């Protein structure tokens, strides 16, 4: 399981770097085409929006896998004794997994299904919006895996 965790982290890291690089290139191209060429590209704003969506949701899944990396209010948690702290951390991880299941996997899956079924496409890139939104249920599954892995790590300590 640790190998899968490490592989998944490396894949997500690479995707985040690629998406961020494409976002920077896209925004630079938008500025250059607007101010140097005098005519802005029609697709750059939409591409930036979609890549920012993917960057944010993938980043949230990645940070969930990095125990100490995400923003949290842990003042009260750190005041607890070690045994109670571990049990509270398990409860937090389980709550995050349930949230990811209900909101991201089920809700996001319904969003993807609905937009694909209705045939909604983006205006400039003409991409089916279901493909853009597919990152939500995918990252929900990743968050669930990371939460399960984190609970297993807490049990082994």
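If I filter region 19-40 for residues that are closer than 23 Å to residue 145 by Cα and at pLDDT 95 or above, do I get at least one hit? Even if it seems obvious, please write down each step before you answer.
First, the residues of region 19-40 that are closer than 23 Å to residue 145 by Cα: 19.
Subset that is at pLDDT 95 or above: 19.
Yes - at least one qualifying residue is present in region 19-40.
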| note | So, first residue at pLDDT below 95 in region 112-124, second residue part of a loop (DSSP other than H, G, I, E, B) and exposed (fewer than 13 other Cβ atoms within 10 Å of the Cβ), Cβ within less than 7 Å, six or more apart or across chains; the pairs are 124/42
| Tell me, which helices (runs of 4 or more DSSP H) lie completely within region 48-138 with 1 or more residues that are touching a strand residue (DSSP E or B) at 6+ places or on another chain (Cβ under 8 Å)? | 108-118, 129-133
| said: Of everything in region 6-56, what is surrounded by 13 or more Cβ atoms within 10 Å (Cβ to Cβ), touching a residue at least 40 places away in the same chain (Cβ under 8 Å) and in contact with a helix residue (DSSP H, G or I) (Cβ under 9 Å, 6 or more places away or on another chain)? Give them in sequence order. | reply: 8, 9, 12, 15, 16, 43, 45, 47, 50, 53, 54
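The values are calculated or read from the model by the stated rules, or taken from the named source; none is laboratory data. These numbers come from a predicted model, not from an experiment. Heads up, the Cβs are rebuilt from the backbone with ideal geometry, glycines too, and the neighbour counts pull from every protein chain shown.
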